[in-house]
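One structure is given here, and the rest of the page talks about it.
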Amino acid sequence: MNSDVTAIAPAADSMGTSYDLLDIYAPGKHLCKDVYQLKFAEWNKYEGTVIIPEFSRFNSRRNFNGLRLRGVTVIDRDNLTSDDVDGILSAPGREQGVVFFIKYHYALLSMLREYHNFTIKYRIARGWAGRLKSGYRLGLLGILSRNEADVATTGVFQRLNRHAEFDFIHHSWEFSAGFLYRMTPLLRDSSGTGSFFTPFDNMVWMVSAVTIIAVLLVLKLASLIITRLKRYEPNSSFITYAVDIIATVAQQGVSNQVSNRVSIRIIIFSLLFLTLLLYNYYTSSVVGSLLSSPGKGPQTIKEITDSPLKLSFLDIGYHKVLFTETKDPSIREMYRKKVQPSREGKQTIPVFTDVLTAVPYLKHGGYAFHCEMTEAFQDIANQFDAYEICELRTGVSLFSDLKLLGMILPKRSMYTELFKTTLMRAQEVGLIKRTLKIHRPEKPICQVGSRIHPVELYSVKMAFSVLGVGFGVSLILLFIERLWYNSVLKRESMNFIN
């Protein structure tokens with residue numbers, strides 16, 4: 001089909017003064033089909049070359065007259081034959097073992113099939129790629145690379161090395177895979193948003209603690225020095241100064257009357273000024289986080305691995321090949337921590353599952369599902385309410401370096417230019433855009449804004465923990481004081497008797 005072979009034959013009854021120019025082509029020479037010749041011009045010594053009006057090689061060759069081509073598709077299911085393919089890929093909605101972009105490419109292939117009048121006998125592959133240890137190529141790409149098929153019902157990633165192996169006839173699909181999850185209070189707290197320690201960096205907390213301890217020591221030391229110099233200056237205990245410091249930090253005043261000494265007052269005043277400044281920064285951070293837009297949640301592969309989210313993946317071949325062949329250390333760590341541990345017997349989402357199973361878990365929260373996002377958008381729109389849609393988040397894709405899919409043919413296929421021209425014309429008249437809109441659902445739009453979540457126990461557990469530790473320490477000290485008091489009373493009574 002790609003050849004421009006012209007034959008010259010003497011015109012009938014021309015006595016050698018006129019010649020016919022014939023376009024020679026075969027719609028399927030590799031299928032042992034006939035060779036056709038079509039007159040497209042005439043040459044004579046008086047007028048030269050005369051082209052037949054409105055002749056077009058494209059139009060003259062476009063009708064395959066029911067030619068049967070060899071096709072290949074990817075359907076991750078058992079016990080299928082070529083006769084089942086058209087019914088599965090043309091059926092509306094989701095089908096087991098089939099992703100949306102396969103159905104989209106099948107629709108494009110159907111355009112070509114109807115326009116050029118050919119039929120297809122399909123060969124079914126379980127995946128797109130793969131190799132045996134011997135180097136033998138598996139999957140759809142292996143079949144096409146060996147010229148065992150003429151057309152494919154799916155697109156493939158446009159890796160650089162594949163341009164040397166296949167003819168890309170159409171940039172067909174933007175592959176937008178990633179993690180989908182719902183932003184819940186538990187996830188927000190696990191990322192630090194709900195923690196009392198979040199507004200300050202760890203170093204700020206450490207410096208603040210060292211500063212308070214230093215102030216306590218300086219107060220006690222100053223009290224000892226002043227007591228030795230001034231007879232009537234009270235010498236307070238460590239506990240008294242500790243309570244005064246806590247009261248100053250909490251901006252509640254001190255437990256006793258502040259010393260008349262200027263040095264003591266300067267220390268207390270400096271601590272109060274420090275806490276005022278820190279309090280302004282702390283409250284500004286808390287109020288700002290409450291008034292700002294909801295948290296984005298974990299975005300990178302490492303953040304998702306370290307989050308409490310339970311991960312699941314669409315049960316399709318490219319995920320299993322990825323985990324088998326990847327050398328990315330972050331993906332290997334995710335596989336070791338989140339995928340490899342057994343979930344047998346647990347009431348949780350399977351590691352590999354379908355969209356219908358995954359969406360209810362996403363609605364509940366605490367789960368992330370990795371797929372080509374358009375696969376889940378329709379079910380999410382049907383099952384999520386307006387507030388839950390606003391809490392939907394997307395994370396990074398495990399295929400972050402790959403975006404565009406292309407429709408391919410075997411290298412130097414005789415159908416490359418013809419199919420490329422047909423798809424280009426279909427795109428110009430809007431058929432491609434219409435087909436893409438049908439097979440590619442959009443992400444549901446947030447229309448009500450995020451809801452206000454009540455503060456949960458997980459968020460304030462630190463405050464209750466401090467209270468519990470205080471109760472525990474006080475009870476222990478009370479028990480120790482009681483034992484000490486009893487021992488002192490016993491000692492005094494023995495001395496009195498003696």
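Return the total of residues in the range 59-74 being polar (S, T, N, Q) and either outside any helix (DSSP H, G or I) or open to solvent by 90 Å² or more (accessible area, probe 1.4 Å) (or both).
Start the filter on the range 59-74 by keeping residues that are polar (S, T, N, Q), which leaves 59-60, 63, 65, 73.
Narrowing further to those that are either outside any helix (DSSP H, G or I) or open to solvent by 90 Å² or more (accessible area, probe 1.4 Å) (or both): 63, 65, 73.
So the answer is 3.
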* **Residues (touching a strand residue (DSSP E or B) at 6+ places or on another chain (Cβ under 8 Å) and either without any contact (Cβ under 8 Å) to a residue 12 or more places away in the chain or open to solvent by 40 Å² or more (accessible area, probe 1.4 Å) (or both)) located in the range 130-152** => 131, 137, 138, 145, 146, 147, 148
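When the range 99-118 is examined, which residues are found to be without any contact (Cβ under 8 Å) to a residue 24 or more places away in the chain and either of a type in the set (A, V, I, L, M, F, W, C) or open to solvent by 30 Å² or more (accessible area, probe 1.4 Å) (or both)?
Residues of the range 99-118 that are without any contact (Cβ under 8 Å) to a residue 24 or more places away in the chain, as a first pass: 110, 113-114.
Answer for the range 99-118, where residues must be without any contact (Cβ under 8 Å) to a residue 24 or more places away in the chain and either of a type in the set (A, V, I, L, M, F, W, C) or open to solvent by 30 Å² or more (accessible area, probe 1.4 Å) (or both): 113, 114.
Going by the conditions given, is residue 356 at pLDDT 90 or above, touching a helix residue (DSSP H, G or I) at 6+ places or on another chain (Cβ under 8 Å) and of a type in the set (A, V, I, L, M)? Give the steps one after another, and end with the answer.
On the way: at pLDDT 90 or above: yes; touching a helix residue (DSSP H, G or I) at 6+ places or on another chain (Cβ under 8 Å): yes; of a type in the set (A, V, I, L, M): yes.
Against the criterion (at pLDDT 90 or above, touching a helix residue (DSSP H, G or I) at 6+ places or on another chain (Cβ under 8 Å) and of a type in the set (A, V, I, L, M)), residue 356 qualifies.
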* Structure fact -> Restricted to the range 313-353 and to residues being of a type in the set (Asp, Glu) and within 18 Å of residue 129 (Cβ to Cβ), the residue surrounded by the most Cβ atoms within 10 Å (Cβ to Cβ) is 315
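For (1) over 17 Å from residue 207 (Cα atoms); (2) out of contact with any helix residue (DSSP H, G or I) (no Cβ under 6 Å at 6 or more places or on another chain); (3) at pLDDT below 75, each residue gets a yes or a no:
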{"position": "228", "(1), (2), (3)": "yes, yes, yes"}
{"position": "244", "(1), (2), (3)": "yes, yes, no"}
{"position": "249", "(1), (2), (3)": "no, no, no"}
{"position": "278", "(1), (2), (3)": "no, yes, no"}
* Asked: Which ones in the range 31-58 are of a type outside the set (A, V, I, L, M, F, W, C) and surrounded by 13 or more Cβ atoms within 10 Å (Cβ to Cβ)?
  -> 33, 36, 37, 39, 42, 44, 57
* State yes or no: is residue 143 within 26 Å of residue 438 (Cα to Cα) and aliphatic (A, V, I, L, M)? => no
* Structure fact -> Of the residues in the range 371-406, those that are small (Gly, Ala, Ser) and open to solvent by 30 Å² or more (accessible area, probe 1.4 Å) number 3
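Return yes when residue 20 is charged (D, E, K, R) and touching a Lys or Arg at 6+ places or on another chain (Cβ under 6 Å) and no when it is not.
Answer is yes for this residue.
The values are calculated or read from the model by the stated rules, or taken from the named source; none is laboratory data. Since the model is a prediction, treat every value here as computed from it, not as a measurement. Glycine gets a Cβ as well: all are built from the backbone with ideal geometry, and neighbour counts include every protein chain shown. Just the protein is used for accessible areas: all its heavy atoms, side chains included, with ligands, DNA and RNA removed. Shrake-Rupley method; radii C 1.70, N 1.55, O 1.52, S 1.80 Å.
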